[in-house]
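A.B. asks: Mind looking over this structure? Questions follow.
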Amino acid sequence: MKDVYHGIILDAEFTDPAFVEKFNIFAKRLDKKNKWVCFGIEIPAVELEKTIANIQENLRADSPFYAHIYNGKKLTVIFKSKIFKVSLNKTTWGPLKKYGSETLKIPMKQLDFWPTTFEEEPRYFTKERGLIE
């Protein structure tokens with residue numbers, strides 16, 4: 001698994017909702033409150049930088065959305081105007097969370113960047129949370 005990254009993206013965050021179909025999707029769930037479909041995607045490590053750029057380019061500019069990519073050691077958060085690469089240690093997330101909350105006005109509770117490890121994914125993609133089979 002060390003040669004892949006996983007990411008969480010939403011159908012609503014892209015200028016073209018079909019953009020998500022370009023990825024290898026390993027799971028999806030419906031966020032019933034916001035009416036978003038959350039996709040778990042797999043990215044080969046050799047395609048990471050290209051994928052980050054592609055996601056950033058296709059994010060909607062009219063709303064403060066973000067995507068996040070992780071491999072259990074590193075976390076990359078992609079905003080339309082900025083990319084943050086941090087460790088999984090939440091003490092390194094200060095500038096990232098400040099940018100999201102103060103600059104983009106994203107509610108702090110939405111800046112949890114969860115899951116960040118492959119082991120957390122089964123708790124994120126559950127039937128209780130709206131898993132789509």
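The values are calculated or read from the model by the stated rules, or taken from the named source; none is laboratory data. Remember, predicted model here, so these are calculated numbers, not experimental data. With ideal geometry, Cβ positions are generated from the backbone for all residues, glycine too; neighbour counts draw on all protein chains shown.
A.B. asks: I'd like the residue in the stretch 100-126 that is of a type outside the set (D, E, K, R), surrounded by fewer than 18 Cβ atoms within 10 Å (Cβ to Cβ) and assigned to a helix (DSSP H, G or I) and, out of all such residues, is farthest from the chain's Cα centre (by Cα). Quick ask: steps written out before the conclusion?
C.D. replies: Applying the first criterion (of a type outside the set (D, E, K, R)) to the stretch 100-126 yields 100-101, 103-104, 106-108, 110-111, 113-118, 122, 124-126.
Narrowing further to those that are surrounded by fewer than 18 Cβ atoms within 10 Å (Cβ to Cβ): 101, 103-104, 107-108, 110, 114, 117-118, 122, 124, 126.
Now restrict to residues that are assigned to a helix (DSSP H, G or I): 101, 103, 108, 110, 118, 122, 124.
On the way: Ser101: 16, Thr103: 19, Met108: 15, Gln110: 11, Phe118: 13, Pro122: 16, Tyr124: 12 Å.
Ranking the qualifying residues of the stretch 100-126, first place goes to Thr103.
A.B. asks: Out of Thr51, Thr92, I need the residue that is in contact with a strand residue (DSSP E or B) (Cβ under 8 Å, 6 or more places away or on another chain) and buried (at least 19 other Cβ atoms within 10 Å of the Cβ). Which one?
C.D. replies: Unique residue meeting the criteria: Thr51.
A.B. asks: Check Ile55, Ile69 and return the single one that is within 22 Å of Phe125 (Cβ to Cβ) and in contact with a Phe, Trp or Tyr (Cβ under 6 Å, 6 or more places away or on another chain).
C.D. replies: Values: Ile55 fails: in contact with a Phe, Trp or Tyr (Cβ under 6 Å, 6 or more places away or on another chain).
The conditions single out Ile69.
A.B. asks: Another question about this same structure. Tell me which of these Val86 doesn't satisfy, since it passes every other one: (1) at pLDDT below 95; (2) not in a helix (DSSP H, G or I).
C.D. replies: That leaves (1) as the condition not met.
A.B. asks: Taking the criterion of being touching a residue at least 12 places away in the same chain (Cβ under 8 Å) and more than 19 Å from Cys38 (Cα to Cα), would at least one residue in the stretch 111-120 satisfy it?
C.D. replies: Of the residues in the stretch 111-120, the ones touching a residue at least 12 places away in the same chain (Cβ under 8 Å) are 111, 113, 115-119.
Then keep just the ones that are more than 19 Å from Cys38 (Cα to Cα); that gives none.
Among the residues of the stretch 111-120, not one is touching a residue at least 12 places away in the same chain (Cβ under 8 Å) and more than 19 Å from Cys38 (Cα to Cα), which makes the answer no.
A.B. asks: To continue, here is another question. For the stretch 1-28, give me the residue count where each residue is surrounded by 15 or more Cβ atoms within 10 Å (Cβ to Cβ) and closer than 21 Å to Pro64 by Cβ.
C.D. replies: 10
Yes/no matrix, rows are residues, columns are (1) at pLDDT below 95; (2) aliphatic (A, V, I, L, M); (3) out of contact with any Ser or Thr (no Cβ under 9 Å at 6 or more places or on another chain):
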| position | (1), (2), (3) |
| --- | --- |
| Ile78 | no, yes, yes |
| Ser81 | no, no, no |
| Pro95 | no, no, yes |
| Thr103 | no, no, no |
| Lys109 | yes, no, yes |
| Asp112 | yes, no, yes |
| Arg123 | yes, no, yes |
| Arg129 | yes, no, yes |
| Glu133 | yes, no, yes |
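A.B. asks: Out of all the residues in the stretch 64-73, is one or more without any contact (Cβ under 8 Å) to a residue 40 or more places away in the chain and either under 25 Å from Lys105 (Cα atoms) or in contact with a Cys (Cβ under 7 Å, 6 or more places away or on another chain) (or both)? Before the answer, list the steps.
C.D. replies: Quick first cut of the stretch 64-73, residues without any contact (Cβ under 8 Å) to a residue 40 or more places away in the chain only: 73.
Okay, now just the ones that are also either under 25 Å from Lys105 (Cα atoms) or in contact with a Cys (Cβ under 7 Å, 6 or more places away or on another chain) (or both), so none.
Looking through the stretch 64-73, none of the residues is without any contact (Cβ under 8 Å) to a residue 40 or more places away in the chain and either under 25 Å from Lys105 (Cα atoms) or in contact with a Cys (Cβ under 7 Å, 6 or more places away or on another chain) (or both).
A.B. asks: Take the residues in the stretch 1-49 that are aromatic (Phe, Trp, Tyr) and outside any helix (DSSP H, G or I); name whichever of them is modelled with the lowest pLDDT.
C.D. replies: Looking only at the stretch 1-49, we keep the residues that are aromatic (Phe, Trp, Tyr), and these are 5, 14, 19, 23, 26, 36, 39.
Narrowing further to those that are outside any helix (DSSP H, G or I): 5, 14, 23, 26, 36, 39.
Numbers: Tyr5: 97, Phe14: 95, Phe23: 96, Phe26: 96, Trp36: 88, Phe39: 96.
Among them, the one singled out is Trp36.
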